[in-house]
Structures are given as C-alpha cells and as structure tokens.
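The values are calculated or read from the model by the stated rules, or taken from the named source; none is laboratory data. A quick note: this is a predicted structure, and the numbers were derived from the prediction, not measured. In this analysis, Cβ positions are derived from the backbone assuming ideal geometry, glycine residues included, and neighbour counts consider all displayed protein chains.
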Amino acid sequence: MAVVIFDGLVLSEEQRECIEKAKALPIGGELLIEAGAGASKTFTLKALAKLVMVNRRGMYLAYNNEIVKEVKSMFPTSTDVLTTHGLAHRYVGRYFALRLKANMTLRMFVNIFNVHAIGHYGVNKIAKLAMQSVCKFCISDDDTLGVKHVKTVCASAPQLVDVVLFYAKRYWIELNNYQSSMPVFHDAYLKIFALKLKCKELIISLDYLMMDECQDTAPVVKQIYDLIVSPIKIAVGDRFQAIYLWRGAIDSMNQFSQEHVASLTTCYRFGDEIASLANKTILATHDERPCFKGNPDKHSVIHLTPFDVDIDSQFIISRTNADLYQSMMTSFELGRKPKPLKSADVSINLLNDIKGLKTKGKAVSFELAAFESYSELKEQVNNGLNSDMKSLIAAVEQYGVDDLLTRFNEMTETRYQANDILTTAHSSKGMEANNVVLSQDFDYCINPNTSNLKEEGSLLYVALTRVKSNLDVSRCSTIKKILSDTFNQKMERKSSVKRDRFLQLFGN
C-alpha cells in the first residue's frame, strides 16, 4: 500500500485499508469498521470524509451531543454532523417543542384517559404499564403498537394485557396529535420520524452516510439508518462497548452487512499497558480474546495505590450516579474542586424544583410542573418512570436538597477549572483524560456470577479505556483481580444479591 499522509500524519495500514475499501464500495454498498477504544475512529472517519467523499453531501450520525460538539468542526461543511434524535427533531420533534419541556405523570395519564382500576390493580399500575408499553414500541422497529409490546411489561400480570393495550393505543394516538398539549418524550418523535420515513412521507437522500457506536443501536435507530437513501454507508462500532442493552439497544454489529469489513485495533489513546488490561478485561467477562494494541509511542501506568491528593486534574469514573454524588461530596470535603461532566445547571434546576415540591407543592420550572408534591414524584420514579431521576432522588434522601444545592452552586464554571471531573461509565463514552480513577462501585455490580456479565464487563472496558496516561485502580478490586488472573475464581453467591440490591436502590 502506498504511503498516505493526512493532517500531517502518516496513515497506518489499517487506516489505509479503511480508505481503500470505502473507495471500492459498489453503489448501495456498506462498510463496517470494527474499531477498538481510542483506535482513531473519528480521525479515520474524518479522513474518509475529506479524502474519499470530496465535494459530496453527507451525514455523520453521532452517538450523543457531546460527540457532536467535539467533532462537528473537524468535518467538511458538506457533512452534516448530528445525532439521530437531532435529525428526527429537525423534521418532526420541533413541532412538539413546548410539549417536550414537561413530564407526563401517572396522575395526568389517569385523568386524560379516564383509567379504571381492574380488580386489585390500581389506576397508577395500569397507567404505568401503558406508558411503558408505548416506550417499548417507540424504540422498536415495528410499524404498529401491539400485544408484543405490552406483554414484555405485563409479565407479572398477563391478565392486564388487553386493558393495558387499550390505554396504550389511546396514549400513542394522543402523542401523534399535533394539536394536543399532552407532554411528549423524545423517543416518541423519533418513532414518528421513523414511521414517516418508512411510508415515504419523508425522504432523506444523501451522497454518503456515516454512523458511529453502531454496537449500541436501538432497533428504531437502525431502521432510520437503513431508510435514509444513500449510495454509500459506513458504520463504525466496537462490539465490546455495547453498554445500553438494558435501555432497549441491541448489540447490532451482526445486523450490519458483513460483506465489506475493516478493523482498527491500534488504540492510539494509550500505551500497551492499558491495551493489555483491556484485552484481559474482555477475556475475563466475554471469554473472547481481542487483539488490541497500544500506541507504540505512549507509555501508560496502572496505579495500584491512590493518586496523590494534590493531583491537579483527574477523571473519576463511577459505575452509578449514586457513587458520582458520593464522589462529589467527598471531593468537597477534601478541599478539591469537583465538576460533573454533564452540565450542573440541569441538576440545579431539578433540585430547585424538588425543593419547591417539598416546601410549596409546586415546581419552579416546566419540567416538573405537572407534579403536585414531592411524594408524587417519588412514587413515579419508584414505579420505573422518570428513571433518570432515580439517583438524584436517592441523593436528596441521603444528603438533603439544601446541601446538594449548596454544593452544586459552589462548583467551578467549567471542567477545565476543576480538579475532579465526575462522570459515570455510561456518560464517559467518547471522552478521554490523562488521569483516570475507577470508583469502587464497579465491584458492587460485577463478578463471575453476574447474570449480565458481558454488559458489566463492557462498562468496565469503556471506563478503563478513557485513560491516556495514568489509571488509578486502587479502589476497584475487580480490576486488581483481573490483573492477577483471579477474577474467575469461584465467588460466593451473595455478591450477586448485593449487586441486585444496589441497583434496585440507585439504578444504573
């Protein structure tokens, strides 16, 4: 292969192979690139856009808004960089702008649809099951809402299937009503968008289409990808980073065409030490032997003892939001400057709403305005709805809303001013840092008896591969066991019980 220089760098053999295979794609062809963590995925896609897709109109479907912000300026102006939800919002979601600001409550559902109790099953139970059924439908690639979506949420109450389906269908009809004022959730307009593409009410035609993180694609997102008209499609993913199966995503690498495949296995983010640990982690949790290699020009260090307390900057990665809040409070106690990776403004607004609900029975903002009390919000969260607030509610119960508000308001304005950048493994995807600390709560969630060992192992793999130089594993005994090849030794069953109880209390 001839030497290719891009952005002042000589492309590797694997990167050149991606370019050659993209050039050779037939019309209607698809290239699947399997890329390890930190293995130059974005750089290679940028090279493809600028070297192969010259003067062509394309789209890059990024995994989340953080990645969009990071890479948008790297691509040609002819490449539209956005998330799938962002694309759906452009065509459909914007018509629901006001309705997206509020939450649908159980009480609201019961009142709108005049829900009646069935036997000893109360109205809130039926409302909850109907709402969850519609959520299941919205992330599926099915054309119509039916029994299959209801059965999955009514497993413990099969006698309710017909009545729940009745209310679920009414709910879905009202979600589609552009004249309604009823709150709408983001996956609803994503589904409406997919259905419009399916029936050709909308047609999106491009010269090329790229999508990243394809291993964590929900069925509806894969459907949208398939329905966009483009003569060339390129999907990139890492099957060992499939971490959203619990939220309805599918490990979809095998659902993409396998006719044209390329690989990126050299992880330029870190050295061989981290690449070796990544390989060991995957072997221990997936029983597979990947062949990731580290950057030959980098040296990374795995620290079995804690970083110095005066270390200037570090990423602390937790398995759960509950541990993130604990890390935040500990950081303040040590006189350090913590900052969540995600905007603190969202948490501050929610905490002010919770305070309003607790003291006045009224939320300040539109998002929680539908709730009449803090207890109603807690009931909804405990019923499995608004699950993204589960850890915040748990933190309020543990630390108090006033103390949390004080701490959030004391935080630095940007993460570049912080000593401790706090994130969960899920939110860390796409991020990198020189110094990374793995928190202790990974140990609560993973052991050889864990029923979803592969997914938990993938989360650990994602977390440890955020590092560039120094990885502190002093708090994470799971990694220590993997390093010493003792992870798969027989463990007591109580570890699984402890994990299940932990996630029940605090969620993912």
For Q417, are the conditions met, namely being touching a residue at least 12 places away in the same chain (Cβ under 8 Å), over 30 Å from C214 (Cα atoms) and surrounded by fewer than 22 Cβ atoms within 10 Å (Cβ to Cβ)?
yes
Being of a type outside the set (D, E), assigned to a loop (DSSP other than H, G, I, E, B) and closer than 14 Å to S331 by Cα is the filter here, so list the residues in the range 407-421 that pass it.
M411, T412, A418, N419
Only one of (1) of a type in the set (D, E, K, R); (2) touching a Ser or Thr at 6+ places or on another chain (Cβ under 9 Å); (3) under 30 Å from R56 (Cβ atoms); (4) crowded, with 21+ Cβ neighbours inside 10 Å does not apply to E213, and that is (2)
In the range 420-435, how many are touching a strand residue (DSSP E or B) at 6+ places or on another chain (Cβ under 6 Å), surrounded by fewer than 22 Cβ atoms within 10 Å (Cβ to Cβ) and of a type in the set (S, T, N, Q)?
2
Matching residues in the range 53-76 - criterion: being under 22 Å from I19 (Cβ atoms) and not in a helix (DSSP H, G or I):
M53, V54, N55, R56, R57, G58, M59, Y60, L61, A62, F75, P76
A careful count of residues in the range 437-471 that are under 21 Å from D312 (Cα atoms), crowded, with 23+ Cβ neighbours inside 10 Å and either at pLDDT below 95 or among the charged types (D, E, K, R) (or both) gives 1
Being surrounded by fewer than 22 Cβ atoms within 10 Å (Cβ to Cβ), at pLDDT 95 or above and not assigned by TED's automatic domain parsing to the domain that holds K454 is true for just one of H260, H299, H303. Which residue is that?
H260
From the residues in the range 472-508 that are at pLDDT 75 or above and assigned to a helix (DSSP H, G or I), which one is surrounded by the most Cβ atoms within 10 Å (Cβ to Cβ)?
I479
In the set A242, A278, A284, the lone residue that is under 25 Å from the mean Cα position of the chain (by Cα) and under 26 Å from M59 (Cβ atoms) is A242
Only strands (runs of 3 or more DSSP E) wholly contained in the range 199-306 count here; list those with 1 or more residues that are closer than 26 Å to T79 by Cα and basic (K, R).
232-237
Within the range 147-180, how many residues are assigned to a loop (DSSP other than H, G, I, E, B), at pLDDT 95 or above and small (G, A, S)?
1
Name the pairs: first residue in the range 107-131 and among the charged types (D, E, K, R), second residue crowded, with 19+ Cβ neighbours inside 10 Å and in a helix (DSSP H, G or I), Cβ to Cβ under 7 Å, at least 6 apart or on different chains?
K128/L106
Is one or more of the residues making up the range 361-370 closer than 27 Å to L459 by Cα, free of Cβ contacts under 8 Å to residues at least 60 places away in the same chain and not small (G, A, S)?
no
